Amino acid sequence: MTTVSRAKAEKHREPLTDAQLLMTISICIFAAMYAMAMLLMGGGFRKAQMVFDLLNDNAYLIIIACALTVVMIGGGINISVGGVIGLTVMACAIFLNSSGVENGPISVTLTLLLALGIGLAFGILQGFLVSYLEIQPFIVTLAGMFLARGLTTMLSVNPVKVSSQEFLSIVQTKILIPWLGYTAKNGNLIPAKMEIGALVALVTVIFMYLFLRYARLGRHIYALGGNQQSALMLGINVRRTRFLSYMISGLLSGLAGFVFLMHKPAGNASVAMRSEMDAIAASIIGGTLLTGGMGNVIGTFFGTMILATIQKIIALSPLNQSWWQEMANGALLGFFIMLQSIVLSSRGKKLRLPAWLKISHQKTD
Amino acid sequence: MHGKKKWYASLGQLLIPLVAMALLILFNLLRDPGFFSIGLATNSSGNRVLTGNIISIIDSASELAIISMGMTLVTAACGGQDISVGAVGAISGAVFVKVLQAMGSISVGSVLLGLLLCCLATILFKLFNGTLVAVFHIQPMIATLILYSCGRSIAYWINGDATPQLNSPIISTIGMTLPGIPVPTPIFAVILVGLLLVLVFRLTTTQLYTQTVGINQGAARLNGIHPTAVKLLSFALLGVCVSVAAVTGVCRLGQLNHKTLLADIEMDAILAVAIGGNSLGGGRFRLSGSILGAYIIQMLTTTLYAMNVAPVNVKAYKAVVIIIIVIAGSPVVKSKLTALWAKFRTGKSDSIRRKEAD
C-alpha cells in the first residue's frame, strides 16, 4: 500500500519535459495576451466570434505549422509548404473551372483528391531525395518551393476565380454555434460562425497530437530527431521513418491548400507567399526545436494563434500598417527565442549562457 | 582505391560545379553559338562598354557572388545559414541612401562615407545575429529568422519614402561602368571583396580556425581557439559582403526599393554555397566553389531567358536543374557510381574484390 502511494507521489513529482515547459509558457502567454486585448482593446475581442475568426483566417497556417512540426521533430526542415499551397490552390481552382468536370459532390471529392495527391507527390519526391539520397533537406525543399511556385505560374499567371456552384456552396457553409453567440443591438441572437476549414484544422491538430504521441511511427520520428545513431541501434528504420515524415508533411501541405481554397476560392500566383516562415515561427514559439527530438503540435497550434492574435491586435490598433506588423512579428519571435534559450539553459541543458543571464539554480543540489 | 591519385582528385568538391558549368556552356554552344558573342557599344553616358550575354551574366551575378562568399564563411563556422541577408541588405541600402541624402550633395567623399557608415550599420545588425548564434547557441536559421521577418520593415522605417531616387553620375558610375574602362564596375566589387577575403585567409589563420570550429567546436576550444570570436568574425565579414552588395544594388538602379533590393537573394546564396560543393553542416569550405555556384545560377537564369522562357516560369526549370546537380553531388549516388565504375573496369563486383584483397 505504502509503496504504491509512494510511487504515485513520485510520479506526481516528475518534472515537465522541456517541450512541455515551453508549450506551457506559450499557452500562458497566449492567454495573457488575449486577456490584455480583451481589457484594452475591448470590442471584437470580447466576443467569442473573434476566436473563430482567428481560426477561420489561419486554418491553413495551423495545418502547415503541423506539417513543419512533424519534420522538425524528425530533425529536418521543409520550406516548400507555402509553394505547395500555392500550387494546390491554383491547380484545384483550374480543375473546378474546367469544362469537363460536372457540377456535383463528385467534383469536390476529386478536387480534394487532387489537392492531397499534389501534396503527397511533393512529399514523396522530397522525402526520397532527403532520406535515401542523403541530400541536405534545406536545399531539397528550397528546390521544391521553386518548383511549386514555377509550376503555379505555368498553370496561370492571372488569378483564377472558382465558379463551381457546388464548391462555392461548401465555401458558404458555416458551422453555427448558438451558445457562443452574442445578442445584437436589435435583440437578435447572432451565433458564432466557424468555417469547415477551421474544423479540419482543429481535427488535424488533435489527430497529429495523438499520432505523434501514441502511434509507433510518431514515436519513431521523435527517436530519429533525438539521436539518429541511437535510433538506428534501437532497430528503427531511420531512412524509412524520415521518408514517411516528409510524406506526412507533404500530405498536410496539400490538405492546407484545399483548406485555403475553402476560405478564399481563388487561385493566385502569390497565394501563401512566405507562409513557410510563419509556420516555422509558429512551431518555434510552440516549443519545437529545429535540432529535432522535441516538440508538440498543441504548442504549435498555440504558436500560430499567438502570431494570429498579435496581427489582429495591430490591425485593430492605430498602428495598422504592414511594416508595423512585420516588426511586431520579429520582436515577438526574438522574445520567444531568447526566452527558450534562457529557460533551457537555466534547467542545466545543453545551451550555454553568459553568467549574468543564468538563473541561480545551485541550491537544489 | 589503387593508391594512385586520379587527376580529378585535386579538384575535389569543385568537380561537380565545374562539370555543371561545362555542360551549361556546351548546351549553349550547341543551341546558339551567338550566345557567346561579345561586342563593344556606346552607352547612354558616352562610355565604350562591352556587351554580350557572358558580360551580362558576370555583371548581374555580382551581388550574388559577393553575398555567397560571406554566406560560405557563416556556413563553415556555424553549420547553419543566415537567411536574413536580403532583409539586412535592404537596411544597408537604406542607411546608404539616408547618409547621401543627409550630406546633401553626392560626391566621391560622401559616397565613401556612406559606404563606410552602411558597412558599420550592417556589421552591427549581423553581429546581433552572430550574438544569438555564438553566445546564446540558437540555430542560425532560427536566429536570423527574426531579421528576415522584420528587416525590410526597418529599411522602410529608416527612409520613410518607398523609393528614394539617387541621381548622380557618380552613382551610375558605381552601378554601371567607369569612364574609359569597358568592364562593368560591379565586377570590380566582386574582385575587391574576393581579394579582401583571400588576403584575410592567406595572411592570417582565420581559414584554419573557421574550419576547425565548424568541424568540432569542442575540440577547437580545447586547442585554444575561441569559437564565439570565430563565429562573430564570420558574421562581421558577412556584414561587409552584404553592405558592398547592397550599395552595388542601389547604384545599379539609381534608386532604393526596400521591397525588391536583393529580394530572395538569401535562397540563391545558400544554393550557390551548396552547388559549390560546400557542406551546409559546416567545416571545410572553398570560396571558389561558392563563387562558381553563383555564376552557375546566373548562367542558368540567363540561358532560360535566352530560350524565351517567361521570367515567372524560370523558377520551375531552375528547380529541376538544381535537383539534378544536388543528386549528382549526393554521397549515396557518388558511392554507387564509383562501385559501378569499378565493376565495369574489373568485371568483378565490389564485394568480390574486397574478398580477394583479404
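The values are calculated or read from the model by the stated rules, or taken from the named source; none is laboratory data. Small disclaimer: the values here were computed from a predicted structure and weren't measured. Heads up, the Cβs are rebuilt from the backbone with ideal geometry, glycines too, and the neighbour counts pull from every protein chain shown.
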- Item | Test: A:ALA93 is over 21 Å from A:MET145 (Cα atoms) and out of contact with any helix residue (DSSP H, G or I) (no Cβ under 6 Å at 6 or more places or on another chain) | no
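Matching residues to (1) out of contact with any Phe, Trp or Tyr (no Cβ under 7 Å at 6 or more places or on another chain); (2) closer than 27 Å to B:ALA155 by Cα:
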{"residue": "A:GLY226", "(1), (2)": "yes, no"}
{"residue": "A:GLY254", "(1), (2)": "yes, no"}
{"residue": "A:VAL259", "(1), (2)": "no, no"}
{"residue": "A:MET277", "(1), (2)": "no, yes"}
{"residue": "A:GLY286", "(1), (2)": "no, no"}
{"residue": "A:GLY293", "(1), (2)": "no, no"}
{"residue": "A:ILE298", "(1), (2)": "no, no"}
{"residue": "A:MET305", "(1), (2)": "no, no"}
{"residue": "A:LEU316", "(1), (2)": "yes, yes"}
- Message: Here is a list: A:ASN186, A:ASN227. Which entry is in contact (Cβ under 8 Å) with a residue 60 or more places away in the chain, farther than 28 Å from A:ILE94 by Cα and surrounded by fewer than 15 Cβ atoms within 10 Å (Cβ to Cβ)?
- Response: A:ASN227
- Task: Please verify whether the stretch A:1-11 includes one or more residues that are at pLDDT 55 or above and either of a type outside the set (A, V, I, L, M) or assigned to a helix (DSSP H, G or I) (or both).
- Result: no
- Query: buried (at least 17 other Cβ atoms within 10 Å of the Cβ) and free of Cβ contacts under 8 Å to residues at least 40 places away in the same chain - does that describe any residue in the stretch B:242-249?
  - Reply: no
- Would a scan of the stretch B:62-76 turn up a residue that is at pLDDT 85 or above and outside any helix (DSSP H, G or I)? no
- With the checklist (1) touching a residue at least 24 places away in the same chain (Cβ under 8 Å); (2) surrounded by fewer than 21 Cβ atoms within 10 Å (Cβ to Cβ); (3) over 24 Å from A:TYR214 (Cβ atoms) in hand, flag the one item A:THR291 doesn't pass. (3)
- Message: Just to verify a result, which residue in the stretch B:150-167, among those that are in contact (Cβ under 8 Å) with a residue 12 or more places away in the chain and in a helix (DSSP H, G or I), is farthest from B:VAL99 (Cα to Cα)?
- Response: B:CYS150
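Can you tell me which of B:GLN165, B:GLN139, B:GLN207 is more than 14 Å from every other protein chain (Cβ to nearest Cβ), within 28 Å of A:ILE139 (Cα to Cα) and of a type outside the set (A, V, I, L, M)? Even if it seems obvious, please write down each step before you answer.
Numbers: B:GLN165 fails: within 28 Å of A:ILE139 (Cα to Cα); B:GLN139 fails: more than 14 Å from every other protein chain (Cβ to nearest Cβ).
Going through B:GLN165, B:GLN139, B:GLN207 in turn, just one is more than 14 Å from every other protein chain (Cβ to nearest Cβ), within 28 Å of A:ILE139 (Cα to Cα) and of a type outside the set (A, V, I, L, M): B:GLN207.
For A:ILE118, state whether it is within 12 Å of chain B (Cβ to nearest Cβ) and either under 20 Å from the mean Cα position of the chain (by Cα) or within 23 Å of A:GLY226 (Cβ to Cβ) (or both).
So A:ILE118 does not fit the description; no.
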- Message: Checking A:ILE139 against (1) in contact (Cβ under 8 Å) with a residue 40 or more places away in the chain; (2) part of a helix (DSSP H, G or I); (3) under 30 Å from B:LYS315 (Cα atoms); (4) not small (Gly, Ala, Ser): exactly one of these is not met. Which one?
- Response: (1)
- Query: Which residues, taken from the stretch B:92-114, are assigned to a helix (DSSP H, G or I) and in contact with a Ser or Thr (Cβ under 7 Å, 6 or more places away or on another chain)?
  - Reply: B:SER92, B:LEU100, B:MET103
- Return a yes/no flag: does the stretch A:36-50 have any residue that is part of a helix (DSSP H, G or I), modelled with pLDDT under 90 and under 30 Å from A:ASN237 (Cβ atoms). no
- Mind checking which residues of the stretch A:149-180 are at the interface with another protein chain (Cβ under 8 Å from one of its Cβ atoms), of a type in the set (A, V, I, L, M, F, W, C) and surrounded by 15 or more Cβ atoms within 10 Å (Cβ to Cβ)? A:LEU151, A:MET154
- In the stretch B:312-343, what residues are in contact (Cβ under 8 Å) with a residue 12 or more places away in the chain and aliphatic (A, V, I, L, M)? B:VAL314, B:VAL321, B:ILE322, B:ILE325, B:VAL326, B:ALA328, B:ALA342
- Item | Only one of A:LEU217, A:LEU202, A:LEU212 that is part of a helix (DSSP H, G or I), in contact with a Gly (Cβ under 8 Å, 6 or more places away or on another chain) and aliphatic (A, V, I, L, M) | A:LEU212
- Residue list for the stretch B:182-205, filter: over 19 Å from the mean Cα position of the chain (by Cα) and surrounded by 14 or more Cβ atoms within 10 Å (Cβ to Cβ): B:PRO182, B:VAL183
- Item | Extreme residue, nearest to A:GLY150 (Cα to Cα), among residues of the stretch B:328-344 that are surrounded by 15 or more Cβ atoms within 10 Å (Cβ to Cβ) and at the interface with chain A (Cβ under 7 Å from one of its Cβ atoms) | B:SER330
- Message: Let me spell it out: the conditions are (1) touching a residue at least 12 places away in the same chain (Cβ under 8 Å); (2) not in a helix (DSSP H, G or I), and B:VAL309 meets all of them except one. Which number is the exception?
- Response: (1)
- Within the stretch B:1-36, the count of residues that are at pLDDT below 80 and of a type outside the set (Lys, Arg) comes to 9
- Task: Inspect the stretch B:57-77 for any residue being charged (D, E, K, R) and surrounded by fewer than 18 Cβ atoms within 10 Å (Cβ to Cβ) and give the result as yes or no.
- Result: no
- Can you spot a residue in the stretch A:196-205 that is surrounded by fewer than 22 Cβ atoms within 10 Å (Cβ to Cβ), within 30 Å of A:SER345 (Cα to Cα) and at pLDDT 95 or above? yes
- For B:SER105, all conditions in the list (1) at pLDDT below 95; (2) within 26 Å of B:LEU199 (Cα to Cα); (3) out of contact with any helix residue (DSSP H, G or I) (no Cβ under 8 Å at 6 or more places or on another chain) hold save one; what is the number of the exception? (2)
- For the stretch A:235-253, indicate whether the set of residues that are crowded, with 21+ Cβ neighbours inside 10 Å, touching a residue at least 24 places away in the same chain (Cβ under 8 Å) and within 24 Å of A:ASP53 (Cα to Cα) is non-empty. yes
- Message: Cβ contacts < 7 Å: first residue closer than 16 Å to B:LEU300 by Cα, restricted to the stretch B:254-276; second residue acidic (Asp, Glu), any location; separation 6+ or different chain. Result?
- Response: B:ILE265/B:GLU63
- Is it fair to say A:LYS350 is in a loop (DSSP other than H, G, I, E, B), at pLDDT below 90 and in contact with a helix residue (DSSP H, G or I) (Cβ under 9 Å, 6 or more places away or on another chain)? yes
- What residue, of B:ILE123, B:ILE142, B:ILE171, is more than 30 Å from B:VAL213 (Cα to Cα) and either without any contact (Cβ under 8 Å) to a residue 40 or more places away in the chain or buried (at least 19 other Cβ atoms within 10 Å of the Cβ) (or both)? B:ILE171
